[in-house]
Structures are given as structure tokens and as C-alpha cells.
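See below for the structure under consideration.
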Amino acid sequence: MHTSATIAPRRPRHDRRETEREILEAAEQLLRERPFREITVEQIMLRTGLKRPAFYAHFRDRHDLVLRVVQHIGDELFAVANRWLQGDDPERDIPAALEGVVAVYMSHGPALRALADAAPTDARVEGAYRALVQAFIEATAARIEFEQGRGRVPGEIDAAETARALVWLNERYLSETCGRRPQDDASRTVAVLARIWLATLYPRSGARVES
């Protein structure tokens with residue numbers, strides 16, 4: 001008599017990039033739900049349906065994972081911020097860049113908020129998060145100096161400190177508006193920030209921003 005063994009269904013084998021993406025997405029989902037200190041590798045992998053060894057095939061530990069989450073979101077932010085950082089028409093490019101930044105915060109705001117909240121009590125999280133903010137400060141300062149060289153931004157503006165103020169203003173404002181609650185009116189958020197950036201950097205242009 002022929003008998004057949006019952007084989008439990010197995011999860012299809014994914015390639016390394018797909019597995020890494022799933023783990024990053026699971027970590028970000030958990031960051032929306034609970035503080036970083038309460039998140040474990042077991043919880044992350046349970047969310048993916050993958051085995052624990054798959055985690056360590058991609059990440060050293062939770063902090064390495066957080067660094068990659070920050071890097072992933074940072075890449076998205078830089079991609080949209082480049083509309084001004086590499087643009088030529090500030091009245092067009094600053095609102096366009098901020099529109100993209102707001103869209104990223106609407107998508108990832110709760111996770112960024114969770115990381116910002118964790119930073120004061122976790123040195124490694126703080127280092128990753130502040131490095132992301134500092135990268136934007138340095139890129140913004142370099143752009144301000146470039147625009148000063150072209151005579152479009154007043155030379156008396158302190159490029160480094162103005163960049164620091166503007167970037168941290170964005171971070172705090174967007175963390176509050178998009179990190180704590182759903183943002184229903186992105187256009188208003190973009191208009192508020194665009195007016196601040198244009199008035200600060202291009203006061204002689206008389207730039208107007210549509211609400």
C-alpha cells in the first residue's frame with residue numbers, strides 16, 4: 001500500500017533584497033506601534049514570517065537595523081530635497097522640494113517620531129538620527145553658500161547657522177504634524193514651510209507661495 005507523507009507548506013524562498021526589505025518594513029511598522037526599547041528581534045521576525053537567522057543574515061543587531069531604517073528614509077528625503085539642492089529656480093524648487101519632504105514624513109512620520117523620541121535615552125539611536133539631520137544641515141549650508149556666491153542669497157546670512165535653524169525647524173514641525181497624527185492638509189504644511197524658507201533665504205525676491 002502506498003502512503004504519502006504530509007509536507008507542511010513552506011514559505012517561498014525570497015532573494016536577499018526582498019528579505020531585507022520585509023524586515024525593514026516590519027521594523028518600521030513596529031516603530032509606529034511601540035517605543036524602540038520594547039521592540040525585539042523576535043517581534044520583528046514574527047511580523048515577517050521569517051526565521052530568526054534571516055535577521056542576522058542582514059543585520060548585526062537591533063541598532064544596526066535602526067541605522068538602516070534611518071538610512072532608507074534619509075535616501076528618500078534627499079531624493080526629493082535635491083529639487084532645491086540641485087535646482088535653479090527657488091520660487092519653484094523650494095515648494096517642490098518641501099512637497100516631497102512632507103510626503104515622505106506623511107509616509108514615515110510615526111517611525112521617525114519614534115526614533116527621535118528614543119534618541120535621548122539611546123546613544124546609538126541618537127547617533128544615527130542626528131547624523132541624518134546633520135547631513136541635511138551640511139547640504140543646506142553648502143547650497144546657501146553657493147547661492148550667496150551667485151548673489152541670490154544675502155551675503156550677511158550665516159550659512160551654517162541658518163541651515164541648522166531651518167533644518168531643525170523642519171524636523172520638529174514635521175515630526176509634530178506628521179508623526180503624532182494623520183496630516184490631512186499637506187498643502188498647508190508645505191505653504192507654511194515654503195514661506196519661511198523663501199523669506200529667510202530670498203528676502204529680496206518678493207517670492208509668493210500659493211496656499
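Values as computed for the structure displayed
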{"read-out": "Subset of the stretch 65-115 that is over 15 Å from residue 201 (Cβ atoms) and aromatic (Phe, Trp, Tyr) - its residue that is surrounded by the fewest Cβ atoms within 10 Å (Cβ to Cβ)", "value": "78"}
{"read-out": "Qualifying residues in the stretch 29-44 (those that are under 21 Å from the mean Cα position of the chain (by Cα) and at pLDDT 90 or above) - the one nearest to residue 56 (Cα to Cα)", "value": "44"}
{"read-out": "Condition check for residue 159: under 22 Å from residue 72 (Cα atoms) and either of a type outside the set (S, T, N, Q) or in contact (Cβ under 8 Å) with a residue 12 or more places away in the chain (or both)", "value": "no"}
{"read-out": "Failed item, numbered, when residue 176 is tested on (1) closer than 22 Å to residue 72 by Cα; (2) at pLDDT 95 or above", "value": "(2)"}
{"read-out": "Criterion violated by residue 88 - all others in (1) touching a Cys at 6+ places or on another chain (Cβ under 7 Å); (2) farther than 17 Å from residue 166 by Cα; (3) of a type outside the set (A, V, I, L, M, F, W, C) satisfied", "value": "(1)"}
{"read-out": "Helices (runs of 4 or more DSSP H) fully within the stretch 73-188 counting 2 or more residues that are among the aromatic types (Phe, Trp, Tyr) and touching a helix residue (DSSP H, G or I) at 6+ places or on another chain (Cβ under 8 Å)", "value": "123-149, 159-179"}
{"read-out": "Check on residue 62, loosely packed, with under 12 Cβ neighbours inside 10 Å, within 22 Å of the chain's Cα centre (by Cα) and either over 19 Å from residue 135 (Cα atoms) or of a type in the set (Ser, Thr, Tyr) (or both)", "value": "no"}
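The values are calculated or read from the model by the stated rules, or taken from the named source; none is laboratory data. Just so we're clear, the structure is a prediction, and the values are computed from it rather than from any experiment. Because the Cβ atoms are built from the backbone with ideal geometry, glycine has one as well, and the counts that use them run over all protein chains shown.
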